[in-house]
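Written out below as structure tokens is the structure these notes cover.
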Amino acid sequence: MTLSLEERWTLIDKISRETVTFGKYEHTLKDAIGELTVKPLTGIPVAIAIMYGFWSAFGSFAGTLMTDGFFVKLFDGYWLPWLQGAFPGQGSWLYSIMVDAGGLGGSEFVLSDTCFEAFGVLTSGIFVAIGVVLPAISIFYLMLALLEDVGYMPRLAVLLDTVLHRVGLHGYAIVPTILSLGCNVPGVAATRILETKKQRFIMMTLLAIFIPCGAQIGIMDKVVPALMGWILLYLIIGYFIFGYILNKVVPGKAPEFLIDVPPYRKPLMRNITKKIWGRITGFFKVALPFVMLGCAIVNVLYLLGVIQWLGDVLAPIFVGWFGVPKETAGPLVAAFLRKDLAVAQLSVINMTDYQRITAVVLVTIYFPCVATFAMMLKEGWKELIAAIGVLIIVVFTYGGLIHLIGIILGVAE
Amino acid sequence: MTVQSQSQLQSESSSTAAIYFAILGIVTTAFGLADLLVTAGGAEFVYGTAILEIPNDIFRGGWGGLVVLSAGLFYLSGAKNIGEIHQFAKVAMGSILIWIMAGSDIFAMITESIPGGEDGSWFNTLDGFLAMYAPPYAPAVLLLPFSLVVLYYIYHRD
Amino acid sequence: MGHPNVGKSVFFNRLTGANVTESNYPGTTVDYTKGWMKIEGEDVELVDVPGTFSLDPKDKAEDVAVAMLHETRDVKVISVIDASKIERGLYLALEIIEEGYPVVIALNMWDVAWDKNIRIDARKLEQILGVPVVPTTAISGEGIKELVSRLKDIQPVEVDDIIANAGGLT
């Protein structure tokens, strides 16, 4: 037999009265500190401090120590020159694809000095994946796992609840968002904790469009460190503007959601190493092949003249509407496979600061990478098509808007 | 009666704490403001005997300055009536912020000290390595030892 | 089954040696995972499901959990309850019991409840409910062994009996 709602609660009441005794509940220091991290007045400074620590450790470890300290030296000083000499058939197709395209598009073959310029599968491909992205995601996931296991995440969610409400999402949307900063794929999966179709759709679309993944952030920090602030600012503003618009436009409800804030806990070493290990093996299995494949495809398209043709055809859009050079067509193709690779390729194109900011923002928002795409398809093809529709509109309006801002500020033509 | 005497007892031992953290709060707040002013001004600031170095870049000076300033305000707002748990939590939070800042700064020093630099060998020379840890230090690193006092009070609260 | 963030995945990993992601926030698990464990030499399949507040699903992740329960009628259910929030946990547990599933209750996060000065008489609770009740702290492994040992002889119980044991509904 089944009970009615009230009967069930009455029964529970009875049972708990018989079996549970609540002692005097004293506020412990842990509770009091927990409260401080949730109240806006004190919680926002704490959040700012935690982000500072996160970002500082990220830059110190991935940038200063691993990439600039060792990997650049290793790849540019030893690996590239060695491979340029050891790989047979300089100037041949295979050589261009695998090792060094020798100044793509130019008429003369010149050996590249750095792994960024070489474009080869074995040079740029491996350097981007191992030398830049791997250290970036390792430290990123370590920090993320720590914040997760300590229990800070739900508190951040409560803190940001009021802000996110404006975009039709409750504070819990911060969890998929932050997961997406690591990789968009688990971020999209995490949207399942949102209640209505509307919320899931808005969240998924915003993630796919505006949130750069850890790999991409890592490479941006390497190739355009001075412009990072601008790029992230554009993305964050876009996230809120379009979240707001989507919330108004998409039919459906965005109900309140109550979160349980778990107690702060000491993180378990075992759990953290397990998480990071899973991520890193996943990186080798999924990301590395895609980076190399992306390199190969872009190189082949270059050699076939497809990219130049695409650039010429799309030139009015690139130059006229977005104000970026038509050479960005190549990286945009690569961006479908791996965004980190695309940013690396952008870095060797000659551009003004404005153009570089816009190009990186465009690479981020223009299309989800293939892995995210597959994950969104799993969530429903109707939503995917709708999301792509939104995406196209966003790319054109937002890209144009950024161009307009550039013109107003006098940095773009 | 007992409750009263207990709280009196507590207030006696915590009056030193209140004074200590109030002073620490003033110093920390001053450091935070200095950080922000130096960043706004643009030129790096090194104090005479080269103990203190206030960073001037937008990240460490600006963003970081904001964190140091918040830490100072946490100390100041928690120092009064420090025996009360919620007040004490503010003081503890001030210290936690300093630890985040100092930890970030020290970690940055470590990562800079290990590699040999663009034209050098793979690893730094021992002299170069040690030179990285010589003063001047950023404000948060100087504040670190003073902020650790809070641990004493956490373990001796009862 | 149990509410979000009560430690279901921690149990699952402990029992099967699997590698399901555990985090200290609700909503970590959004899909089910199957694994195998040994009870007295016998292989038993164990399923980790997303957290749910009731058998009346509110989101996609809860949907997964409830559908899983309803699709497989001949299962035994480990009902994981956050001991510091026992009442709402019992609500879900009762729902499952009412539907006729054999249930064992794990009063998890026993340590947290203890810290909060909440004392639960597990033995009495067991007498009233008629199902095994085991205090556990999954993260450190306390109580897991007992939980497993009690798993083999659990039976469906009648809600009427529970009501009678609790002294009626009034």
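A few notes on this one:
- Whole-number D in µm² s⁻¹ for segment A:30-409, Kirkwood Cα-pair radius fed into Stokes-Einstein, 10 °C, 1.306 mPa s: 73 µm²/s
- Shown here for segment A:98-195: GluC sites (Glu not before Pro) in loop regions (DSSP other than H, G, I, E, B) with at most 11 other Cβ atoms within 10 Å, namely A:E108.
- Bins of 10 Å, starting at 0 and running to the largest distance - Cα pair percent for segment C:72-151: 19, 54, 24, 2
- Among C:V131, C:T21, C:V75 the positive-end extreme of the charge dipole of segment C:8-165 (Cβ point charges): C:T21
- Peptide B:108-115 has a mean shielding of 5, counted as Cβ atoms of other protein chains within 10 Å of each residue's Cβ.
- Considering only the protein assembly as shown, percent of DSSP beta bridges that pair antiparallel, nearest 5: 60 percent
- Value of relative contact order over segment C:8-165, rounded to a whole percent, pairs C-alpha under 8 Å and six or more apart: 18 percent
- Leaving ligands and nucleic acids aside, the A/C contact buries around 4600 square angstrom of accessible area in total at a 1.4 Å probe radius.
- Close amide H partners of A:C183, meaning residues 5 or more places away or on another chain with modelled amide H under 5 Å apart, are A:G214.
- Only aspartates and glutamates eight or more places from A:K222 in sequence, or on another chain, were considered; those with a Cα closer than 20 Å are A:D68, A:D76, A:D113, A:E117, A:D340, A:D353, B:D57, B:D105, B:E112, B:E118, B:D119.
- Mean ellipticity per residue at 222 nm, deg cm²/dmol - from DSSP H runs of n ≥ 4 across the protein assembly as shown, formula -39500 (n - 2.57): -18500 deg cm²/dmol
- With the convex hull constructed from alpha-carbon coordinates only, the protein assembly as shown shows a mean projected area of 38.5 nm² over all directions.
- Taking segment A:239-339 and dividing mean pair separation by its residue count, relative contact order in percent (alpha carbons under 8 Å, at least six apart): 23 percent
- Listed cross-link partners A:K39/A:K253; A:K266/C:K116; A:K275/A:K382; A:K30/C:K85 are compared with a 21 Å cut-off, the Cα-Cα value being larger for A:K39/A:K253; A:K275/A:K382.
- Given charges at Cβ of Lys, Arg, Asp, Glu: segment B:2-153 dipole, positive-most of B:I98, B:L24, B:T125: B:L24
- Among the residues of B:85-97, the average count of other protein chain beta-carbon atoms within 10 Å of the residue beta-carbon is 5.
- Report note on the peptides A:240-251, B:77-88: ranked by the mean count of other C-beta atoms within 10 Å, highest first, their order is B:77-88, A:240-251.
- A versus B: buried accessible surface, summed, Å² (probe 1.4 Å, to nearest 100): 2600 Å²
- Over segment C:8-165, the fraction of Cα-Cα pairs per 10 Å bin, rounded to whole percents and listed from the shortest bin up, is 10, 41, 39, 9, 0.
- Loop-located trypsin sites (Lys or Arg not before Pro) in segment A:138-211 (DSSP state other than H, G, I, E, B) with a sparse environment of at most 11 neighbouring Cβ atoms within 10 Å: A:R166.
- Computed over segment A:17-132, Cα set: Rg, Dmax in Å: 26.8, 88
- Counts of other chain beta carbons within 10 angstrom of each beta carbon in peptide C:117-128 average 4.
- Mean shadow area of segment C:28-109, taken as a quarter of the surface of its Cα convex hull (nm²): 5.8 nm²
- Within the accessible area of chain A (1.4 Å probe), percent carbon and sulfur: 71 percent
- Contact order for chain A, expressed relative to its length and based on alpha carbon pairs under 8 Å spaced 6+ residues apart, stands at 17 percent.
- Note on A:K326: aspartates and glutamates with a C-alpha under 13 Å away, same-chain residues under 8 apart excluded, are A:D312.
- For segment C:62-73, the Karplus equation 6.51 cos²θ - 1.76 cosθ + 1.60, evaluated at θ = phi - 60°, returns couplings of 5, 3, 4, 5, 5, 4, 4, 5, 6, 6, 10, 6 Hz by residue, with Gly and Pro reported as x.
- Translational diffusion coefficient of segment B:2-153 (Stokes-Einstein, Kirkwood radius from Cα pairs, 4 °C, 1.567 mPa s): 77 µm²/s.
- Helix runs (DSSP H) in chain A reaching 30 Å along axis by Cα, Kyte-Doolittle at least 1.0: A:228-249, A:381-409
The values are calculated or read from the model by the stated rules, or taken from the named source; none is laboratory data. Being a predicted model, the structure only gives us computed values, none of them experimental. No Cβ is skipped: glycine too gets one built from the backbone with ideal geometry, and neighbour counts run over all protein chains shown. These accessible areas exclude ligands, DNA and RNA; they are computed on the full protein's heavy atoms, side chains included. Shrake-Rupley method; radii C 1.70, N 1.55, O 1.52, S 1.80 Å.
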